[in-house]
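The values are calculated or read from the model by the stated rules, or taken from the named source; none is laboratory data. Because the structure is predicted, anything quoted here is derived from the model rather than measured. Positions of Cβ are backbone-derived with ideal geometry, glycine not excepted, and every protein chain shown enters the neighbour counts. Quick note on the areas: whole protein, heavy atoms, side chains included, nothing else; ligands and nucleic acids left out. Shrake-Rupley method; radii C 1.70, N 1.55, O 1.52, S 1.80 Å.
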Amino acid sequence: MIKLVSMWRHNPELGAQMSDEHYFQRHTPMALSLLSEIPGFLKYTQNSVVAHSVHRENSPEPEERDPEFHTMLELYFTDEDAVNQLFSKPEMARLFDDHPNFQDYQADPSMSVYIVRERVALERGIDGSLMIPTSSNSIPGRSEPV
């Protein structure tokens with residue numbers, strides 16, 4: 001499984017609330033429409049940062065910090081070809097044109113994107129049971145009970 005992770009800060013001129021409102025109410029439906037056309041697309045999660053801390057010199061005590069970003073999305077795909085299909089769509093330009101409506105587009109960088117290979121090592125089912133992935137490339141939610 002391949003996951004695209006993207007992070008950004010709110011547009012400082014709009015503030016957190018207005019940036020989030022635009023992202024969730026206007027940008028997300030555009031993204032969902034595009035993603036639904038990608039055969040290898042699996043899942044889209046949206047994460048809002050509520051706290052940020054660091055650990056210095058391997059200390060177990062966290063040091064609170066201002067977050068480096070405010071929002072993180074995760075897009076899950078079956079493979080790299082599916083990610084490439086997404087970025088080859090002309091509609092991606094429309095999504096990028098919308099970024100100044102909720103992102104700090106003047107920051108350098110304005111957005112960070114990581115393409116990662118996700119491997120689920122262990123997860124807990126809704127019923128509380130521990131789940132072991134069925135394979136090293138397991139899809140979230142597809143595991144066998146321990």
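Expressed as a whole percent, the accessible area of region 1-130 that falls on carbon and sulfur atoms is 50 (1.4 Å probe).
Whats the longest run of the chain with zero GluC sites (Glu not before Pro) that are DSSP loop and have at most 16 other Cβ atoms within 10 Å? Walk me through the numbers on the way to the answer.
Working: sites that count: 13, 37, 57, 68, 91, 118.
The longest such stretch corresponds to 119-146.
Placing R0 at 22 angstrom, the Cβ-Cβ distance between residue 49 and residue 81 gives a FRET efficiency of 0.10 after rounding to 0.05.
Distance between the pseudo-spin-label points of residue 132 and residue 91 (7 Å out from Cα toward the beta carbon): 4.1 nm.
Note: relative contact order over region 51-100, using C-alpha pairs below 8 Å and six or more positions apart, is 21 percent. Could you run the Debye sum over the Cα atoms of the chain, one equal point scatterer each and no solvent, and tell me log10 of I(q)/I(0) at q = 0.11, 0.18, 0.20 Å⁻¹, two decimals? Log10 of I(q)/I(0), two decimals: -0.54, -1.16, -1.25.
How much net charge surrounds residue 26 when only other residues with a Cβ under 13 Å from its Cβ are counted (Lys, Arg +1; Asp, Glu -1)?
On the way: positive: 94; negative: 20, 21, 97, 98.
That sum, taken over residues with Cβ under 13 Å, equals -3.
Excluding ligands, DNA and RNA, the accessible surface per residue across region 40-124 is 69 Å² with a 1.4 Å probe.
Pairs of Cα atoms nearer than 8 Å and 6+ residues apart set the relative contact order; for the chain it is 34 percent.
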